[in-house]
Amino acid sequence: MKGLAPLFIGIFGTFAFSWVGLTVIPTWQIGHLNPESDEEGTDIYPRPQSGMFVRGAHVYAANGCAYCHSQQVRADYIADDIERKWGNRRSAPRDYIFERPVFLGKMRMGQDLANIGARAPAPEESPAPGGAASPAAATSPATTTAAAPASAPSTAPAASPGTSPARAVPPNASPPPGQPTGVASPSPGQMANTTPGGSSPAAPSAQTPGAPWPIQTAGLPPMYSAAWHHVHLYAPRSINPDSNMPAYRFLYERRRVAGERSADALQLSGGDAPPEGWEVVPTFDAKCVVAYLMGLNQSHPLKEVRSVGGAPAAGAAPSPASQGAAPAPPAAGSPAAPKK
Amino acid sequence: MNTTGIPLKDPEVSAAAGDMEQLERAYIDASTRVPVLMFYTSAIAWLIVGTVLAMVVSFKLHSPDLLGGISFLTWGRLRPAHMNVMVYGWASMAGMGTAVWLMARLCRATLRFPLLIAAGAAFWNVGVLIGVGAILLGDSTGFQWLEFPRYVAVILFVAYTLMASWAVLMFRYRRGDQIYITQWYLLGAFLWFPWVYAAGQLMLFVVPVQGVLQSAVTWWYANNLLFLWFGAIALGTAYYMIPKVIGRPVYSYHLATIGFWTYALFSSWTGMTRLVDGPFPAWMITASIAATILTMIPVATVGLNHHLTMQGYFPLMRYSPTLRFTVFGAMSYTVFSVIGVLISLRSVASYVNFTQVSIAYSHLGLYAFFTMTIFGSMYYIVPRLVGREWRYGSLIKLHFWASAYGIGLMTLMLLAGGFLQGANMENPALPFSESIETVLPYLRGRSLAGILLTVSHFIFAYHFGLMLLGLGRTSTVPTFLNPVEAETSGGH
Amino acid sequence: MDYGEQADVQQVHAAVQREKREPRVGAEPLSIWLIAIYGLAIFFGGAYLGRYSGNFTSGGLDPMGSPPAPKKAVAGGPSGGEQAELSPRDRGKKIYAANCQTCHQANGLGVAGQYPPLAGSEFTTGGSRRMGMIVLKGLQGPVTVKGQQYGSAVMQPWDKTLTDQKIADVMAYERSEWGNTASPVTAEQIAALRKELASHPESFVEHDILAAPDEDLPGGAAPPGGAPPKPGEAAKPAPPPKP
């Protein structure tokens, strides 16, 4: 080849060809998507992110969570993501339009997280103020589990202060069932959960599909609840001894119990639990990252993608309890399976 | 005496020493000494840092409580730190060192302002240092291969401009009428890297694209970096070293031309194969898979070209370190590409996506292909810069075998483990944790391979250090891997 | 580095001296076999591109243009296919799982003290009118089912959320599941009941339900073993809402 000019043109041309083809044209095709909404303009999905969710995403990025966890559900005819209850439909470009950065992920050393918020149990009645997804533990000495009245899954999320503010679940359009305050007393079935024998946790995890880890040990918060996430981040091997996940202890603080145990304190047991008189509380970053996780929810149906996992076909303003029916019936594992 | 008319600070050399060509080469080598050695020294320092990081990362994956709980040592930060040190610290700098030397030699131009390039190298080092520090302290951007924060990108751009503009200018003012194959590849590399890097930075940070396109841009960038920057440098190097060492011409100009253009055309489209089955329009993914199939054209072409060039001279690999490393690298290119095709096909990708197989693929490309080729070039170039030969042939041999076995074992472990991991992930009857249990022993095997690679790199760094300190052998005969039985003309 | 200190030029340039000349290129022609390989690669690559590109549309997430039929049964429904292909019982089961199961539980036994059971419940197995009223308009306040009192929870009305067909399907499911054997329910019956109750905005209380006749809604098929409808009272409207 003679001459700089043809070489230069060729070098530039081959670069431009792939650049245009793989980035510019797709930007033209799917680079300006808008969220979907129904006829009345309500039920917008997805929603722009804000607050703790955004900061949580940054913590997620900075700590490299995306190097082990993916956040994309593959179609049912390609892979078994949906059979594993990681979603009720495949992910579509529209699911990610408000994410920065996008954490599609390239590795699954841990589960896919695209719908981890949807797989959470019904929001727990949280005595903690502030509305952040605090790992509210029912701190009364008699109980050791967090989801005290959570067995009342018809509690509208709006009614419970314990939910993450930026959750992608649309506001409950159907009138809330008007949970009277009497629900604060745990149902007798729930109380069974708190007995030291912890017989009933076997029921929830056995029933909760898509929870492939071994039966979780007694005394742990319900799987995928905010409290569970905090324990999982702090001491993953207390939940599953075979887990490879690093312990993000630096996201938590160990401090002396000042008077009363803090509502945010993690429920730890065994070797991970702090000594008597000490407690482990999450830093703000930890709360943000858990708020982020609790907000990861792609179960909302999209017109362009077929929902497979049994989402309510009407889709219109389902009760919040049914929202999670597809990925995992959230309270199917509610502790009071047998009627006492 | 000074035939080139360029004022040089070099010592007097007698014209009686050799013919014009040799003198010219000596001058060129002398002029490239400071910048190239600076590149190499920095690169090897980063190699050691990156290798230590790699060991910790590898061990932590199967023993997560090792050094656990500390923020800047958490796996999720060490892994991008390792990757970026290797990509921007080791590979880029070693590649640039080799490329600058090759460009100077082939353009038959002495490096006019070597301190400018050296300054560029210093800036680049600063950028990588800041970037790695930022990642460890929690400022990673979250985009794979582009984890350095935005301010580091600015530093790297400035550094690169200082370094590469001279390389491109050298090409512009080259002497001789033919442009050799290596020069095509190197010119391509020097131009592609800033364009690809700038496009990636622009579309992710300056004018960010929406949603999943960020992932598309990220992997377009990553694969283009792998092929159009590292791959081009490595292929160009191989095209120089192989014919140079054995003293025969490259087999066919036509093969080389086709190989170059098809390589540039098709390899740049392969990025989306890392996102098979993802939330993208199917045509993007399929285009990348089709491009990967089409990269079999340059792979076959280049492979054939090298093979036919080497025909009859393979026994020389027994002696020449450069030849051995370079041929290993060139063969790895073929293996790497074929594996790339196999794992991109949708039916296979549904199994191997999200498994360790993609790690095996990346390391095949960056280590077995690129790094081994660059090692070969360093074994050739360094004696010409320091005026000494490598001191211990045994150390070179150890380096080679430890690296070869190390990367071979690592690839095997990750491919096998990854396939099993994928098979278990695809079996919904098994809990997800089963796939992790399956791959764990292979990860331990990978750590073992990592030990081999660590040993190899420390040996090489030590050996290079000896050369830097002027402790190499003074000899007219190069250091061979094995003693030469008879007096042959196969020396280089 | 002692480049400048060596007086012996032979040694300084030894490496350069012994070098061979700079590489050059031969000009061998292309082999025909290589061209054949190129052709094959282009063919396969092109064919792959043509076949699996989802028509090159932006919305074409599926390589073949549209998703193929589901290859295996997906959880949540026996076939995961279109709703119309499910049997009425399966439809009802799906609706139950999505809407009712969280309170009344998958086994229809409810939660003691909170959610009444449906299995063996007099409201579920009795006439479809009372059950329909509860489902359509909801129920609040204490209620006694199977001798137990339930008072703390409130059942939401489903008239705005579920269509007639869906209410009919889920009621039919509940009335024939868990050992219940009660008459099925049709969408027309629910539609008629909905019209009847249109002026009744609030939830019922137990008193209202018990005031209604325990009969099946008019217009259905003969029940398998339930109480026969009383023709005289079939058209009796719901009692006026209590203040």
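Amide H contacts of A:TYR252: A:THR283, each under 5 Å away and 5 or more positions distant or on a separate chain (H built 1.01 Å from N in the peptide plane; Pro and chain starts excluded).
Excluding ligands, DNA and RNA and using a 1.4 Å probe, chains B and C jointly bury around 4600 Å² of accessible surface, summed across both partners. For the segment B:75-85, counting C-beta atoms of other chains within 10 Å of every residue's C-beta and taking the mean gives 4.
Take each peptide in A:234-241, B:213-220, A:273-280, count the other Cβ atoms within 10 Å of every residue, and average; sorted highest first, the result is B:213-220, A:234-241, A:273-280. Across the accessible surface of the range C:134-205, with the other protein chains kept in place and a 1.4 Å probe, carbon and sulfur atoms take up 54 percent.
The interface between chain C and chain A buries about 3400 Å² of solvent-accessible area in total (1.4 Å probe, ligands and nucleic acids excluded). Listed by chain and number, the aspartates and glutamates whose C-alpha is less than 15 Å from the C-alpha of A:LYS303, apart from same-chain residues fewer than 8 away, are A:GLU36, A:ASP38, A:GLU39, A:ASP43, A:ASP95, C:ASP62, C:GLU82.
Once you divide the Cα radius of gyration of the range B:203-263 by 2.2 N^0.38 Å, the number left is 1.66. Residues whose amide H falls under 5 Å from that of C:GLY60, counting only those 5 or more places apart or on a different chain, are B:ALA282, with hydrogens built in the peptide plane.
Packing-based ranking of B:410-418, B:278-286, C:192-200 yields B:278-286, B:410-418, C:192-200, ordered from highest to lowest mean Cβ neighbour count within 10 Å. Overall, the ratio between the Cα radius of gyration of the range A:12-110 and 2.2 N^0.38 Å, rounded to two decimals, is 1.30.
Among the listed pairs A:LYS85/C:LYS160; C:LYS166/C:LYS195; A:LYS85/C:LYS94, those with a Cα-Cα distance over 24 Å are A:LYS85/C:LYS160.
Between exposed GluC sites (Glu not before Pro) in chain B, where DSSP calls loop and at most 14 other Cβ atoms lie within 10 Å, what's the longest gap? Formally, the longest exposed-site-free interval is B:13-484.
Between amide H atoms placed 1.01 Å from N, distances below 5 Å from B:PHE354 occur with no residue 5 or more places distant or on a separate chain. Net charge dipole, the range A:1-92: roughly 600 debye, given to the nearest 20, about the Cα centre with Cβ charges of +1 for Lys and Arg and -1 for Asp and Glu. So for the range B:263-361, Kirkwood radius off the Cα pairs, Stokes-Einstein at 10 °C and 1.306 mPa s: how many µm² s⁻¹? Approximately 107 µm²/s, per Stokes-Einstein. Contact order for chain B, expressed relative to its length and based on alpha carbon pairs under 8 Å spaced 6+ residues apart, stands at 15 percent. Remark: mean inter-chain Cβ contacts per residue of B:241-251 equal 4, using a 10 Å Cβ-Cβ cutoff to other protein chain atoms. Per residue, the range B:18-130 exposes an accessible area of 28 Å² to a 1.4 Å probe, with every protein chain left in place. In plain terms, the C-alpha convex hull of the range B:29-176 casts an average shadow of 8.9 nm² when viewed from every direction.
Within a straight-line Cα-Cα reach of under 13 Å, C:LYS146 can be paired with the following aspartates and glutamates, leaving aside sequence neighbours fewer than 8 residues apart in one chain: C:GLU122. Taking only protein heavy atoms into account and a 1.4 Å probe, give the accessible area per residue of the range B:391-492 in Å². Here the per-residue accessible area is 43 Å². Pairs of Cα atoms nearer than 8 Å and 6+ residues apart set the relative contact order; for the range B:336-492 it is 33 percent. Between B:ALA198 and B:LEU137, the modelled labels are 3.0 nm apart [label points 7 Å from Cα along Cα→Cβ]. Computed over protein heavy atoms with a 1.4 Å probe, the carbon and sulfur contribution to the accessible area of the range B:210-338 reaches 72%. Summing both sides, the accessible surface hidden between A and B at a 1.4 Å probe radius is close to 7200 Å².
Carbon and sulfur: what percent of the range B:29-176's accessible surface (1.4 Å probe)? Ligands and nucleic acids excluded, carbon and sulfur reach 74 percent. 3J(HN,Hα) along the range B:236-253, derived from phi through the Karplus expression 6.51 cos²θ - 1.76 cosθ + 1.60 where θ = phi - 60°, amounts to x, 4, 4, 5, 8, 5, 5, x, 5, 5, 8, x, 10, x, 4, 4, 9, 5 Hz, with x in place of Gly and Pro.
For the range B:336-492, the square roots a ≥ b ≥ c of the C-alpha gyration tensor eigenvalues yield an a/c of 1.5 or more together with a/b exceeding b/c, which makes the shape prolate. Taking a point 7 Å from the Cα of B:LEU440 along the Cα-to-Cβ direction, the residues of the range B:45-68 with backbone N closer than 11 Å to it are B:62-64. In a Debye calculation with equal point scatterers on the alpha-carbon sites of chain B and no solvent, what is log10 I(q)/I(0) at q = 0.06, 0.09, 0.13 Å⁻¹? Result of the Debye calculation: -0.26, -0.61, -1.32. Residue by residue, the range B:338-355 carries 3J(HN,Hα) couplings of 5, 4, x, 5, 4, 7, 8, 4, 3, 5, 7, 4, 5, 8, 9, 4, 6, 10 Hz when phi is fed to the Karplus relation 6.51 cos²θ - 1.76 cosθ + 1.60 (θ = phi - 60°); x denotes Gly or Pro. The simple spin-label model puts a point 7 Å past each Cα toward its Cβ; for B:SER347 and C:THR57 those points are separated by 2.7 nm. Could you work out how far the C-alpha centroid of the range B:274-350 sits from that of the range B:155-217, in angstrom? Computed from Cα coordinates, the inter-centre distance equals 23 Å.
Among the residues of C:190-197, the average count of other protein chain beta-carbon atoms within 10 Å of the residue beta-carbon is 0.
The values are calculated or read from the model by the stated rules, or taken from the named source; none is laboratory data. Everything quoted here is computed from the prediction, not taken from an experiment. Using ideal geometry, Cβ is built from the backbone for each residue, glycine included, and neighbour counts are taken over all protein chains shown. Remember, those area values only see protein heavy atoms, side chains included, never the ligands or the DNA or RNA. Shrake-Rupley method; radii C 1.70, N 1.55, O 1.52, S 1.80 Å.
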